[in-house]
Amino acid sequence: MLNLAIKPGWIVVENLVQDRLGHSAFGLVAALSALAVAVAALADLGLTPYVVQRLAAAPDFLAQEFPVLLPLRGGLGLAALVALLPVGWVLGYRGPQLGLLAGVSAALLLTQYGQFLRGPVQARQRFNTDAVLSVLEKALLLAVLLALLPGGLTLGGYVGARLGAAAFTAALLYGVMTRLFGRVRYRWEGPRARQALRASLPFALMTLLYGVNERVDMVMLERLHSPAEAGYYAGAYRWADAVMMYAWTVLPLFFAKFASTPHDAEAQRKLLWFGQRVVAAPLLFAVAFGLFRGEVLFWQFHHSRPEELEKMALCLRILFLNVLVHALFAIYSTLLTSTAHERAVSRAVAASLALNVGLNLVLLPRFGAVAAACNTLVCAAAVSGAYLVLVARRTGVALPGALLARLLLAFGLLCGAWWAARTGRALPWWLEAGLMGALFGPILLATGVVRLAEIRALLPKKP
């Protein structure tokens, strides 16, 4: 919940940063950050989820294995930083750009190391402590940026603020870990390190594929077209990513539920039917808002030309269609990965990545940010189709076709009502959105997505 609370503030401040730095400068940083994310996925090699899993199952793992894994994880981070600079040089970054890449990458790797240090806190189920630690870096960075903005923010100052916040947070996390669990004395044991790496590889492959698939557009757009186009795309993608945070918060809950019934197809079908509605229904309204009123989300960009704002709004509408695809089909990936079909999902994501890179090479040089958004949508639709096929063939769970039809009907009716409201009366956007929100509830009831009996069951019973 703390992450959900701080996300709106982060979006507002990041919009201000982009407005002050300019689309080209921010697009460069966004591309460097995306490159760092893709390469830094190799630095973790799945060790963070592996540590959480092992610590939860075996409490003595902390004393026996963690002293080996701490220096191993730190060494992998340094190796990734050293490897990242030649990769940046090969991609054409030179001089000050390589310095920015080093700063952005170091900040990200410190953030990842901090997430690794939170492993014992998560595994010992200290959820309140972990929740505070999870937002500490962003809260600190928000405070620093708000202090810098009135006096004028530079590109170097922005990257320096990110690096300083990440370094302070990593040091504090190490102190919290030693305070809670005692000082961990580093030691190196090659066989134990190799055993941990082999055990963590299944996590590593999935993390790497998802990380590269999500970030490759930004890097290729900046390199094949221009930093400004990367800035337009970053401004639109920020809102799509924020909306999708709801799904990424809810889906892990269903991951555990699916995993608890690995051989019960009927129980999984019921859970899928329920989970699909929980994930999709709120996102349907968010997507409709983006399609009809997406331009209001760029109210902070006072230094942008009208054509720049129009391009960002167009990218946002396309990316919100991508959100619609994930709203309907992301839960199928959750079902597959929770029931020992990780390799099949990895192959589907790898194929989607190959398609994305191919489309980018052909379309980005000519069409820029709009092409990046379209390619993202096409690849999301392709990989979602693969999820449907895999669920039908490998799990024995019947696909809820009727439910999907009801969800699409509800979305179509909402869009139709919104279109009528836009053409019939010139209402303020907030009043228009409020009216559509009030109408969406009856639409969900009328289409059978939500049933009155379910609502009555949630109401407190009279004594």
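So what is the relative contact order for the chain, in percent, with contacts set as C-alpha pairs under 8 Å and at least six apart? Write down the numbers at each step before the final one.
Working: 549 pairs, mean separation 93.6, N = 463.
Across the chain, relative contact order equals 20 percent.
Give me the percent of accessible area attributable to carbon and sulfur for segment 323-463, probe 1.4 angstrom.
That share works out to 69 percent.
Under the rule a/c < 1.5 gives rounded, and otherwise a/b versus b/c splits prolate from oblate, where does the chain land using the Cα gyration tensor? Before the final figure, lay out the partial values.
Details: a/c = 1.58, a/b = 1.14, b/c = 1.39.
Cα axes put the chain in the oblate bin.
How far is the Cα center of segment 152-175 from the Cα center of segment 271-314, in Å?
Result: 30 Å between the Cα centres.
Pulled fully out, how much extra length does the chain show between His303 and Ser24, if you take 0.36 nm times their separation in residues and subtract their Cα-Cα distance? Before the final figure, lay out the partial values.
Working: separation 279, 0.36 × 279 = 100.44 nm, distance 1.25 nm.
Once the chain is fully extended between His303 and Ser24, it gains 99.2 nm.
Roll a 1.4 Å probe over the protein chains and send me the accessible area per residue for the chain in Å². Let's see the in-between values first.
Numbers: 21220 Å² over 463 residues.
Dividing the accessible area of the chain by its residue count gives 46 Å².
The values are calculated or read from the model by the stated rules, or taken from the named source; none is laboratory data. Note that the structure is a prediction, hence the values are computed from the model and not measured. Ligands, DNA and RNA are excluded from the accessible area calculation, which covers all protein heavy atoms including side chains. Shrake-Rupley method; radii C 1.70, N 1.55, O 1.52, S 1.80 Å.
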